[in-house]
Amino acid sequence: MQQSKQWWKEAVVYQIYPRSFYDSNGDGIGDIRGVIEKLDYIKGLGIDVIWLSPVYESPNDDNGYDISDYQDILEEFGTMDDLDELLAETHKRGMKLIMDLVINHTSDEHEWFIESRSSKDNPYRDYYIWHPGDEEGNRPNNWESIFGGSVWEWDEETEEYFMHIFSKKQPDLNWENPEVRQSLYDMVNWWLDKGIDGFRVDAITHIKKKPGFPDLPNPLNKDVVPSFEYHMNQPGIGEHLSELANETFDQYNVMTVGEANGVDAKDAKNWVEEENGYFDMIFQFEHVNLWGDNQGLDLVPFKQIMTRWQEELDGVGWNALYIENHDLVRAVSSLGDDGDKRKASGKALGMMYFFMQGTPFIYQGQEIGMTNIQLDSLDEYDDIESVNRTKIMIEEGIVFDEAMEYIWDNSRDNVRTPMQWDSSEQAGFTTGTPWLQINNNYVDINVQEALADPNSIYHFYKKMIDIRRESETLIYGSYELIEADHPAVYAYLRHGEDEKYLIVTNLFNDHETMDFSDYHFEELVLSNYLVTDELKTEFTLRPYEARLYRLSK
Ligand code: GLC
Ligand code: CA
């Protein structure tokens, strides 16, 4: 079905995790001026939109996802003038800038929370979720926080608990309070009036909690129980989200992408439907949850998930496409090969998702095939989620080595190590001491090397971006899965008006013989290996080989 044309559907987005991108002043922390200095690099890759992870005032309990002032910039990152300059310089280069919008919770150091916790009759009391506890004064329920431990924190001052779905320094806002919502809308519009081009909306499926906060079933009699089903995508959330969109985004020509854990492909229609959706697109979690246990790529169910999203939204709404972000691990390490097939697998994974229907997102470093890291001790890790979880494991008696294995495989620090710019000391990221260790493979894996090598992952991404930009079919065309049961090869078609494309990617380290003799190959548009007999429809794919063909209708 035909999709309406929108600038954000044609765009490719690059995500910047500012702390790790580029340090302009030698304090070891990436900053806004650092982003400004690297804008030409981003433009050079062919990017249309930059998504900047949070740079707001924050005590950094969760690296900026705990905001203490929405309308100010964290000193380490720079000033509001720097931000204004970044916006202007981004626009000057014909790119757009979207910011991160973290409105499920604030920092406990936000003025609203400081007021709220000061007394039970403070006007801000109901900005957050307070509860006296059960009859004995124990925690109101057994819900587990996403970062481990209970979602409830006792507050001595007023002798009540407050709820935090994430860390205890990230109290949840009470979205049932209309004043909270209005305060947030005013803030959102302040940013939109400034001229930013949209938002990535953080953790937005958690804003509504199950009324009455009932206990979860607890057959194993655990202290706390994973609680997603009672605070994720709850009935009635749509009313809040429609209101948010009506009061803010819909008044501007901007792009929005909601982070939407817990939304499935059927439900997604409400979320991203062209006329009345809450967002332009959402980050779904089904595919990343599938590989979350780091078992590698289970390709057949993976294809089913991706295909469901492609089919459900075709002609209805729009997909956001991604394989990496600041909460995951590196794709070449977890899904591909970060050893001698790193380049081939980085390209194959890239091509696999890049030509689906939707807006592709690239996370900093993905375009040069950066890899996971293994730090020697727990102290060297920063990520609050994996550090908390590892500590809990050790407390529960899991042996240290196993706990370290866990953090190596799962820590979000895997993707947060500083960007590797060149082979000089500290990878050209900083002249000081970096806030998080640099992966010592920077000597081989870095931007300078990638720019110089015509066969780099970087140049492959650049070509993919150019090819996609020139093709209506690759942007708007419908998707069709083929070879659905093939355990190693992901192949699909994109259907255009008088052409089709075939994307075929071998996602494993074996040879796979394919037969596409039902199709008419017109042109091999892109591949990551040398192909001699370009239009031959029967061939053997080499390990991690990826090809894009243009076909006749
Ligand atoms: C989102 C962010 C993640 C953060 C969490 C709490 O999932 O992407 O980095 O820790 O929300 O704000
Ligand atoms: Ca700095």
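The values are calculated or read from the model by the stated rules, or taken from the named source; none is laboratory data. What you are looking at is a predicted structure, and each value in this text was computed from that prediction instead of being measured. Because the Cβ atoms are built from the backbone with ideal geometry, glycine has one as well, and the counts that use them run over all protein chains shown. Side chains are part of the model used for accessible areas, which takes the heavy atoms of the whole protein and leaves out ligands, DNA and RNA. Shrake-Rupley method; radii C 1.70, N 1.55, O 1.52, S 1.80 Å.
Positive end of the dipole of segment 361-493, charges at C-beta (+1 Lys, Arg; -1 Asp, Glu), about the Cα centre: which of 428, 489, 460 has its Cα farthest in that direction? Farthest along the dipole direction, towards plus: 460.
Placing unit charges on the Cβ atoms only, positive for Lys and Arg and negative for Asp and Glu, gives segment 79-151 a dipole magnitude near 260 debye about its Cα centre. A simple spin-label model places pseudo-atoms 7 Å from Cα toward Cβ; at residue 126 and residue 176 they are separated by 1.0 nm. Using helices alone, I'd like the mean residue ellipticity at 222 nm for the chain: each DSSP H run of four-plus residues gives -39500 (n - 2.57), total over residue count, nearest 500. Helix contribution divided over all residues of the chain: -8000 deg cm²/dmol. Secondary structure note: in the chain, about 60% of the DSSP beta bridges are antiparallel. For segment 425-553, rounded, prolate or oblate, judged on the Cα gyration tensor with a ≥ b ≥ c (square roots of eigenvalues), a/c < 1.5 rounded, else prolate if a/b > b/c? Prolate shape, in that a/c is at least 1.5 and a/b is the bigger ratio. In a fully extended conformation the segment linking residue 220 and residue 295 would gain 24.4 nm over its present Cα-Cα distance, using 0.36 nm per residue. Label sites at residue 510 and residue 25, each approximated as a point 7 angstrom past Cα along Cα to Cβ, lie 5.5 nm apart. Divided by 2.2 N^0.38 Å, where N counts the residues, the Cα radius of gyration of the chain comes to 0.97.
Averaged over its residues, the chain has an accessible area of 39 Å² per residue, based on protein heavy atoms and a 1.4 Å probe. The angle between the Cα long axis of helix 80-92 and the longest principal axis of the Cα atoms of the chain comes to about 20 degrees, rounded to the nearest 10.
Of the solvent-accessible surface of segment 204-357, computed with a 1.4 Å probe and all protein chains present, 43% belongs to carbon and sulfur. Ordering 519, 366, 336 by Cα displacement along the dipole of the chain toward the positive end leaves 519 in first place; charges were set at the Cβ atoms of Lys, Arg (+1) and Asp, Glu (-1). Residues whose amide H comes within less than 5 Å of that of residue 155, counting only those at least five positions distant or on another chain, are 160, 161, 162 (H built at 1.01 Å from N in the peptide plane).
For the pair segment 462-517 / segment 248-291, the C-alpha centres are spaced 24 Å from each other. Between residue 266 and residue 239, the distance separating the two model label sites (each 7 Å from Cα on the Cα→Cβ line) works out to 2.4 nm. Under the criterion of Cα pairs below 8 Å and six or more residues apart, the relative contact order for the chain equals 13 percent.
In the chain, the longest principal axis of the Cα atoms and the axis of helix 299-313 are about 80 degrees apart. In plain terms, the chain from residue 431 to residue 517 could stretch by 25.4 nm, reckoned as 0.36 nm per residue minus the Cα-Cα distance.
Report the local net charge at residue 337: Lys and Arg +1, Asp and Glu -1, summed over other residues whose C-beta lies under 14 Å from its C-beta. Result for the local shell: +2.
Think of each Lys and Arg Cβ as +1 and each Asp and Glu Cβ as -1; about the Cα centre, that makes the dipole of segment 335-463 roughly 860 debye. Between the Cα long axis of helix 342-354 and the first principal axis of the chain there is an angle of about 80°, rounded to the nearest 10. When only the Cβ of Lys, Arg, Asp and Glu is charged (+1, +1, -1, -1), the dipole of the chain relative to its Cα centre reaches about 1880 debye.
Legend: calculated FRET efficiency, residue 374 to residue 194, from the Cβ-Cβ distance at R0 = 56 Å, rounded to 0.05, equals 0.85.
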